[in-house]
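Just below is one structure, and these are the notes that go with it.
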Amino acid sequence: MAKSIEEIELSWSSLSNSQDATGWRSIAVSSPSHVALRAGRSFPGQEEALLVGFPSVTIAAAEKLPESQGFAVTRLEATTEAAQWLALTRKSTGSFELFTTMVSDVVESLNAAMPKDEKSLLRIFLGRIRAWQEFMRKGAMALSPEAELGLVGELATLDAIIKEGVVASTAIEGWLGPLDGIQDFHLGLGALEVKASISPAGFPAKIGSLEQLDDRARQPLFVVGTKFRQIDSGRNLPTFIADLLASLGEDHESQRLLGERLLAAGYFTQHADRYPRRFVLNEIRVVEVLEGFPRLIQGLIPPGILGARYDIDLDRAPGERITIGQALKRMGAV
């Protein structure tokens, strides 16, 4: 484990000897410039915490800070050392091992971001924690086979979008699937909803809600069908990720954003060996959602239906087949 987390764990251990303490006890640990880091415990419960101090940046009182079943982020009083202190604290019900991994990841993200200004480091700190919030909300477990294939499909689409000329950071920020966006990508004025299949017959696609194929909020709306073959000479999920990261070159900001989205999607590097299946992309099919497209949305269903999940076959969906590049131009993304 990284030296920084070893220092933090040693400080936590030292602080556990405090007797009859109340409130916060903390020890300064090595930190990147522009922020102060302290390993802390909150007494009397002795919950472990990472305290991060920002010398001149404060957060609006109305901003909602991340929280999950395993951790919480709270504001602490300002000091002469920092105008804003944030405490990332393990809840008593949270796993110590998972929390330690999270703290290590957050500190490494701050260290890797140097040199950055203070506001950027605050954004990185909160962004990484919100990715962990999504990961824990989804169970902190390895992805199901269906979710694994879905993520491969979204990564293949993201790669195609970047290759068509969309700035990598813009494309990744527009990838909302991991954040439970209604559609998987919001770019320009439109949206892309990605479906992945390994079915040898037809092109089945699962629709998760009445809103997913509703184009009244964003137009144009396209369904992107990604069809794969499962074959030993293909690439598994970790390889798709590694190749996409490599394609970003020295674009560290895009690499950071991609890491956050992957974590929010439920991909945890330590689970890499859980994904042995290998895929080859056979086809990317893009169809615009227009009149006659098979869909259920509010206004086209009987009153009283509040939600629906259903399957469609893209092979039977009417409409012109176009390329990703053509779709992006219609959306105003390129």
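The values are calculated or read from the model by the stated rules, or taken from the named source; none is laboratory data. Given the structure is predicted, the values throughout are model-derived calculations rather than measurements. Here the Cβ is made from the backbone with ideal geometry for all residues, glycine too, and neighbour counts use every protein chain on show.
Given the options ALA28, ALA87, ALA61, name the one that is modelled with pLDDT under 90 and either aliphatic (A, V, I, L, M) or in a strand (DSSP E or B) (or both). I'd like the intermediate steps shown before the answer.
On the way: ALA28 fails: modelled with pLDDT under 90; ALA87 fails: modelled with pLDDT under 90.
Result of the check over ALA28, ALA87, ALA61: ALA61.
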> Any idea which of (1) more than 19 Å from ALA191 (Cα to Cα); (2) touching a strand residue (DSSP E or B) at 6+ places or on another chain (Cβ under 8 Å) is the one GLU288 doesn't satisfy?
Replying inline: (1)
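Rundown of residues vs (1) under 30 Å from GLY165 (Cα atoms); (2) surrounded by fewer than 16 Cβ atoms within 10 Å (Cβ to Cβ); (3) not hydroxyl-bearing (Ser, Thr, Tyr), yes/no style:
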| residue | (1), (2), (3) |
| --- | --- |
| ARG295 | no, no, yes |
| GLY304 | no, yes, yes |
| ARG321 | yes, yes, yes |
| MET331 | yes, no, yes |
>> of a type in the set (A, V, I, L, M, F, W, C), out of contact with any Lys or Arg (no Cβ under 7 Å at 6 or more places or on another chain), under 16 Å from ILE312 (Cα atoms) and in the same structural domain as ILE241 (by TED's automatic domain parsing): which single residue out of ALA160, ALA201, ALA156, ALA205 fits that description?
In response: ALA201
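Could you say which residue among GLY332, GLY325, GLY292, GLY319 is on the phi > 0 side of the Ramachandran plot and at pLDDT 95 or above? Lay out the reasoning, then the answer.
Working: GLY325 fails: on the phi > 0 side of the Ramachandran plot; GLY292 fails: at pLDDT 95 or above; GLY319 fails: at pLDDT 95 or above.
Among GLY332, GLY325, GLY292, GLY319, only GLY332 is on the phi > 0 side of the Ramachandran plot and at pLDDT 95 or above.
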>> Quick test of your reading of the structure: GLU148 fulfils all but one of (1) surrounded by fewer than 18 Cβ atoms within 10 Å (Cβ to Cβ); (2) charged (D, E, K, R); (3) more than 30 Å from ARG75 (Cα to Cα). Name the failing condition by number.
In response: (1)
